[in-house]
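None of the figures in this text is laboratory data; all of them are computed from the coordinates on show. All of these numbers come straight from a predicted model, not from anything done at the bench. Neighbour counts are summed over all protein chains in view; Cβ atoms, including those assigned to glycine, are modelled from backbone coordinates with ideal geometry.
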Amino acid sequence: METGEKSGLAGQRQRSTAGAIFGSSAYLIWGLSPLFWKVLQTIPALELICHRIVWSFAFLIPVVFFFGKQRKEFKQIFVSPKTLLILLITSLLVGSNWLVYVWAVNNDRVLEASLGFYINPLVNVFLGMVFLRERMRLLQGVAVALACGGVVFLTLEYGELPTASLYLAFTFGVYGLIRKVAPVSAITGLTVEALILTLPALVYLVYLGTSHTGAFGQRGISTDLFLMGTALVTAPPLLLFTLGAQRLALSTMGFLQYIAPTCMFFLGICLYHEPFTRAQVAIFSLIWMALAIYSADSLLFYRRTYRYGR
């Protein structure tokens, strides 16, 4: 093999490894985030999301202006109507996704939110195949079929259409697809999204403050610190997700997504004692069987690639 080809394979492996680390870290933070949001359970979801937006922007903007490259890109976005329109769409997607997720968690629907995260990888695979022409190997297809069957059964267990779950899955799937192809770096794009949402969020928070109906400044310093801390469970994992999505196939990011619902699933069952049946045990096992097949196939594929690459 040519030296250039070897170098290209090594670079691709490094890029994929970095993407897997970024993506896994993002999903782990999201999976454990109900622990944080439950602390603020008595505060309305809309108010929480407004704080989440404003404090995330306050966290991100100094980072952007600290680095010259991001600062220049940030300014260029506002003279590019196409890019600005793309980020307007993604900001609406991610903002509404946050709202539904926090509402579900704080209304004792952690398992329903978990279901949304389980469905999302299938949405990612579908979007990747349709819009990015990504293809999967045979065993990967088997894994997707098993996971799909598990999600269908899990959906039927609810006895009704899980609207919140489907909304979480599709909004984040489309968000991931658009951000993957958007001509903007991860941190700059995320900052612009936060900026777009900050103005209406700030107006609402000012209204709550002047009418003395908001939580900030009214419930003690600990609540204020937790509200400010919403930036730490929002901006860093979303940034990690975007970095991962730019380095991995959309279908691969889809399967890493299972880290988050698995954490949420155990939190819902073990910590928050939401209903759990034998059928759900079987479905959960079926989904993890799909993940085992997919992981084994990926390991064999990369080993063969590395062997022949050398």
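Exposure proxy for Arg109, Arg179: other Cβ atoms within 10 Å of each Cβ, ordered fewest to most, give Arg109, Arg179. Residue exposure proxy: Phe22, Phe65, ordered by other Cβ atoms within 10 angstrom of their Cβ from fewest to most, comes out as Phe65, Phe22.
Rg/Rh for region 186-243 to two decimals, with Rh computed the Kirkwood way over all alpha-carbon pairs.
Rounded to two decimals, Rg over Rh is 1.06.
Note on the chain: with charges restricted to the Cβ of Lys and Arg (+1) and Asp and Glu (-1), its dipole about the Cα centre is near 1240 debye. As a proxy for reagent exposure, Leu166, Leu300, Leu93, Leu197 were ordered by neighbouring Cβ count within 10 angstrom, fewest first; the result is Leu300, Leu166, Leu93, Leu197. Would you compute, from DSSP H runs of 4+ residues alone, the mean residue ellipticity of the chain at 222 nm, taking -39500 (n - 2.57) per run and dividing by the full residue count, rounded to the nearest 500? Calculated from helices alone, the mean residue ellipticity at 222 nm is -26500 deg cm²/dmol.
Anisotropy class assigned to region 83-242 is oblate, per the alpha carbon gyration tensor with a/c at or over the 1.5 cut-off and a/b no larger than b/c. Size of region 52-168 from its Cα atoms: along the principal axes, largest to smallest, the extents are 49, 39, 23 Å.
Relative intensity of the chain on a log10 scale, I(q)/I(0) at q = 0.14 Å⁻¹, equals -1.12, per a Debye sum over C-alpha point scatterers of equal strength in the absence of solvent. Backbone phi angles across region 270-275, fed through the Karplus curve with coefficients 6.51, -1.76 and 1.60 (θ = phi - 60°), yield HN-Hα couplings of 7, 9, 9, 6, 6, x Hz in residue order; Gly and Pro are listed as x.
Pairs of Lys residues in the chain that lie 8 or more places apart, or on two chains, and have C-alpha atoms under 21 angstrom apart add up to 6.
Close amide H pairs (under 5 Å, H built 1.01 Å from N) link Met136 with no residue at least 5 positions away or on another chain. Short-range pairs are left out: with C-alpha atoms under 8 Å and at least six residues apart, the relative contact order of region 3-309 is 41 percent.
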